[in-house]
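First comes the structure, then the notes that go with it.
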Amino acid sequence: MIARTSIDQVYDAARVEEVIGDFIVLKKSGTNFKGLSPFSQEKTPSFMVSPVKQIWKDFSSGKGGNVVAFLMEHEHFTYPEAIRYLAKKYNIELEETQQTEEVKQKNSERESMYLATQMAQSFFETTLWERSEGKAIGLTYFKERGFKEETIRQFGLGYAPEKITALSDAAKTEGYSLEFFEKTGLVIFNEERKQAIDRFRGRVIFPIRTLSGRVQGFGGRILKKDAKTAKYLNSPESDIYQKSKVLYGMYEAKKSIAREDCCYLVEGYTDVIQMHQSGVVNVVSSSGTALTVDQIRLIRRLTKNIVVLFDGDAAGVRASLRGIDLILEQDMHVKICNFPEGEDPDSFAKGKTQEAIRTFLQDQAQDFIQYKANLLLEESQNDPVKKADTVRDIVQSIAKIPDVIQREVYVQSCAQIMEMSEGVLFNALAQLLQKQQQDKSKRRSSKPAMEVVKEASQLAPKLDESFELEKQIIRLLLHFGDQTVQFEEVLLEKDDQGEVKEAVQQMEIKVYEKVFLDLQQDEIELTHPFFQKTYNKMIEQFQDSGSLQPQYFFDGSESEQDGLLSEMMMENEKYQLHNWEKKNIFVQSPKEKIVQSVTQTILTLRRYLIGQKITALTHDLETTSEETADVLEEISMYNELRQLVSQKLSRVI
């Protein structure tokens, strides 16, 4: 874990305009910067960066946050990865929190393994470009495949020499411990452990990277046709490389996948590289392994749309169909695209333009369920038994889809394809779903009843009025919390005759103090967890330093909440973007009516909460016969209180 003090150092040093400027062209706009959104296609800049507040807001996509949130959205880093990236950029040495010796040892080993794979990648790449064996064999092979030099360098491709100790000798010469080369599978010790033998020998090398770009493993292809060994060899499983959680090309493709909102899935390394070189960048590969749930979730972080690209091998297509049901279970949208017989993505893309490839993919991609129905129906032909099996197979795939409407549409479509009544398919689907529900119920029955009720209540949506009022309180504190203004407190009291009299009290106070005291007086707590957490942070900062540091309110855990907060922080800039004044439309600044806004918001929240209390008491009155007189008296008291608050509110409005 990174120490809190180190994280604070990173936030203090990092400049949001500098970091974002490394990725986007920003132009000065008053006190802010603006540029084109990196998250959507737009011609008019709507992406704003505030150096003063150290936050950014993309008004086209609704995303926003601090510098860490930008790296998590744009580069798809995890929170720790973003912090480490900034620490490296600003030369900050990160301090780790206290850890057990076991955890320290584990982290140290992982880092040493990454250093080993990075050294190996550099060695293979240098061999390819600078040594005669690498140039004659490896570089020649890649160029024969049609790869350009810039493409070869972009993917860090390399060559492993024939010599059985070439890598291990180089590692020892540079002072590396071979222990970590062994743990990553780069070298294998013989039985006597006297000699380290390189795993990858006489092969062209494909580095496999993490989502943040670190080399975690390798794929190697043998070039000798008479070699008595596997054509492709991958790194073995290790602490830094789990094949089931990795997709080749994801590091290079992640931005394009998010921007295009679509991911093309192929089988091999060269398929990815050739498509990439042809301009279709949003492509990844499962590297010849069966697709796993972890790999699907990796894609789902970027998009819900997958197009699986198959070559012309019909047997391979049928085998792959079984794994695609996993994609449907993850609530993803799946299409299938078949290449002409004898073609694969690599051979098809070679020499074609980006426009030609994209046109083919768009025209040929078919919805998975319909594709599968047509394929299986063709195989079953006139065999009734095979056709019945086909129906069951299709229904099982449809049952994987969480969306009810989608399921119904697919049933109707498949009924036409298979020339069957919709009723038969709906019945089969209902039986299957019922069985799935029964299985879930059995698992759920082990939970205590109150726990199930509690879970359901947590999922219930909050009232809109409560949400908007609490949001307004946060907005006011963000923009005016540290400003001192004069509030006019109108006190309404009843005299002995029951008449309401007024008393006006002038009070000069900071906005945050006014809000805090009013909420404390009525024992009001914000009910929405995000607003409650943000409010507590704000009051703490105001009390400690008298001002806010907005960048500290973003933790990167909820991008939707970060977007909401950044929108509230930069809503004034949103109006500046449209430049209403040029159109003779003059928007009144919220700053001009701080007192009115604060007073109105607090009073409206009071009236809302009183109304909630009256509703609860009325419900109690309807469900119980005990102490009816006391409940009626309490309801009457709250009604009078609501009337008084409404009178105050009418004077403010």
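The values are calculated or read from the model by the stated rules, or taken from the named source; none is laboratory data. A quick note: this is a predicted structure, and the numbers were derived from the prediction, not measured. Reconstructed Cβ throughout: ideal geometry from the backbone, glycine too, with neighbour counts over all protein chains shown.
Residues in region 265-286 that are in contact (Cβ under 8 Å) with a residue 60 or more places away in the chain, in contact with a helix residue (DSSP H, G or I) (Cβ under 7 Å, 6 or more places away or on another chain) and hydroxyl-bearing (Ser, Thr, Tyr): Thr270, Ser278.
Consider Asp393 carefully, then state whether it is over 33 Å from the mean Cα position of the chain (by Cα) and free of Cβ contacts under 8 Å to residues at least 60 places away in the same chain.
Values: over 33 Å from the mean Cα position of the chain (by Cα): no; free of Cβ contacts under 8 Å to residues at least 60 places away in the same chain: yes.
It is false that Asp393 is over 33 Å from the mean Cα position of the chain (by Cα) and free of Cβ contacts under 8 Å to residues at least 60 places away in the same chain.
Listed by first and then second residue, the pairs linking a residue in region 513-524 that is without any contact (Cβ under 8 Å) to a residue 60 or more places away in the chain to a residue that is of a type in the set (Lys, Arg), with Cβ atoms under 9 Å apart and 6 or more places separating them unless they lie on different chains, form an empty list.
Per this entry, Tyr248 is counted among residues that are within 25 Å of the chain's Cα centre (by Cα), modelled with pLDDT of 90 or more and among the aromatic types (Phe, Trp, Tyr). Does region 161-174 contain any residue that is polar (S, T, N, Q), modelled with pLDDT under 95 and closer than 23 Å to Gln277 by Cβ? Looking for residues that are polar (S, T, N, Q), modelled with pLDDT under 95 and closer than 23 Å to Gln277 by Cβ, one finds none in region 161-174, hence no.
Total residues in region 259-290 satisfying the condition of being within 11 Å of Thr151 (Cβ to Cβ) and in a loop (DSSP other than H, G, I, E, B): the figure is 1.
Is it fair to say Glu174 is among the charged types (D, E, K, R), more than 27 Å from Asp346 (Cα to Cα) and exposed (fewer than 14 other Cβ atoms within 10 Å of the Cβ)? Against the criterion (among the charged types (D, E, K, R), more than 27 Å from Asp346 (Cα to Cα) and exposed (fewer than 14 other Cβ atoms within 10 Å of the Cβ)), Glu174 qualifies.
Could you please give the count of residues in region 73-84 that are in contact with a helix residue (DSSP H, G or I) (Cβ under 6 Å, 6 or more places away or on another chain) and modelled with pLDDT under 85?
Going through region 73-84, the residues in contact with a helix residue (DSSP H, G or I) (Cβ under 6 Å, 6 or more places away or on another chain) turn out to be 76-77, 82-83.
The next check asks that each one be modelled with pLDDT under 85; those that pass are 76-77.
Within region 73-84, residues that are in contact with a helix residue (DSSP H, G or I) (Cβ under 6 Å, 6 or more places away or on another chain) and modelled with pLDDT under 85 number 2.
Being farther than 22 Å from Gln277 by Cα, acidic (Asp, Glu), crowded, with 21+ Cβ neighbours inside 10 Å and outside the structural domain of Ile299 (by TED's automatic domain parsing) is a property that Asp198 has. Consider region 297-311 and keep the residues that are crowded, with 23+ Cβ neighbours inside 10 Å and without any contact (Cβ under 8 Å) to a residue 60 or more places away in the chain. The one that is farthest from Phe368 (Cα to Cα) is Ile299. Here Leu223 meets each of (1) modelled with pLDDT of 90 or more; (2) surrounded by fewer than 23 Cβ atoms within 10 Å (Cβ to Cβ) with one exception, condition (1).
Close Cβ contacts (under 7 Å, 6 or more residues apart or on different chains) running from residues in region 104-120 that are touching a residue at least 12 places away in the same chain (Cβ under 8 Å) to residues that are of a type in the set (Phe, Trp, Tyr) comprise Ser112/Phe180; Met113/Phe180; Ala116/Tyr176; Ala116/Phe180; Ala116/Phe181; Met119/Tyr176.
When you go through Asp22, Asp12, Asp8 one by one, which is the residue that is under 22 Å from the mean Cα position of the chain (by Cα), within 28 Å of Arg214 (Cβ to Cβ), outside the structural domain of Leu302 (by TED's automatic domain parsing) and not aliphatic (A, V, I, L, M)? Please lay out each step first, then the result.
On the way: Asp12 fails: under 22 Å from the mean Cα position of the chain (by Cα); Asp8 fails: under 22 Å from the mean Cα position of the chain (by Cα).
The match here is Asp22.
Whether a residue is modelled with pLDDT under 80 and not in a helix (DSSP H, G or I) was assessed, and Glu634 does not pass this test.
Of the residues making up region 54-72, those that are touching a strand residue (DSSP E or B) at 6+ places or on another chain (Cβ under 9 Å) and of a type outside the set (S, T, N, Q) are Ile55, Trp56, Lys57, Asp58, Phe59, Lys63, Gly64, Gly65, Val67, Ala69, Phe70, Met72. Of all residues in region 21-47, those that are outside any loop (DSSP other than H, G, I, E, B) and surrounded by fewer than 18 Cβ atoms within 10 Å (Cβ to Cβ) total 4.
Residues in region 323-369 that are touching a residue at least 40 places away in the same chain (Cβ under 8 Å) and assigned to a loop (DSSP other than H, G, I, E, B): 7 in all. Among the residues of this structure, Gly185 does not count as one that is at pLDDT below 95, within 40 Å of the chain's Cα centre (by Cα), surrounded by 15 or more Cβ atoms within 10 Å (Cβ to Cβ) and under 24 Å from Val280 (Cβ atoms).
Do we have Ala87 as in contact with a helix residue (DSSP H, G or I) (Cβ under 7 Å, 6 or more places away or on another chain) and among the aliphatic types (A, V, I, L, M) here? I'd like the intermediate steps shown before the answer.
Values: in contact with a helix residue (DSSP H, G or I) (Cβ under 7 Å, 6 or more places away or on another chain): yes; among the aliphatic types (A, V, I, L, M): yes.
For Ala87, the condition - in contact with a helix residue (DSSP H, G or I) (Cβ under 7 Å, 6 or more places away or on another chain) and among the aliphatic types (A, V, I, L, M) - is met.
Against the conditions (1) in contact with a helix residue (DSSP H, G or I) (Cβ under 9 Å, 6 or more places away or on another chain); (2) within 17 Å of Ile273 (Cα to Cα), Trp129 satisfies every one except (2).
Matching residues to (1) modelled with pLDDT of 80 or more; (2) farther than 24 Å from Leu526 by Cα; (3) assigned by TED's automatic domain parsing to the domain that holds Ile594:
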{"site": "Val424", "(1), (2), (3)": "yes, yes, no"}
{"site": "Gln458", "(1), (2), (3)": "no, no, no"}
{"site": "Glu468", "(1), (2), (3)": "yes, no, yes"}
{"site": "Leu476", "(1), (2), (3)": "yes, no, yes"}
{"site": "Phe480", "(1), (2), (3)": "yes, no, yes"}
{"site": "Phe487", "(1), (2), (3)": "no, no, yes"}
{"site": "Glu493", "(1), (2), (3)": "no, yes, yes"}
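Close contacts from region 399-414, counting a first residue that is assigned to a helix (DSSP H, G or I) and a second that is aromatic (Phe, Trp, Tyr), with Cβ to Cβ under 7 Å and a gap of 6+ residues or different chains, come to Val411/Phe426.
Table: residues versus (1) closer than 24 Å to Phe70 by Cα; (2) of a type outside the set (S, T, N, Q); (3) touching a Gly at 6+ places or on another chain (Cβ under 9 Å); (4) modelled with pLDDT of 90 or more.
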{"residue": "Lys231", "(1), (2), (3), (4)": "no, yes, no, no"}
{"residue": "Glu237", "(1), (2), (3), (4)": "no, yes, yes, yes"}
{"residue": "Ser256", "(1), (2), (3), (4)": "yes, no, no, no"}
{"residue": "Arg259", "(1), (2), (3), (4)": "yes, yes, no, no"}
{"residue": "Leu265", "(1), (2), (3), (4)": "no, yes, no, yes"}
{"residue": "Val272", "(1), (2), (3), (4)": "no, yes, yes, yes"}
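Condition check for Leu328 on (1) surrounded by 20 or more Cβ atoms within 10 Å (Cβ to Cβ); (2) in contact with a helix residue (DSSP H, G or I) (Cβ under 6 Å, 6 or more places away or on another chain): one failure, at (2).
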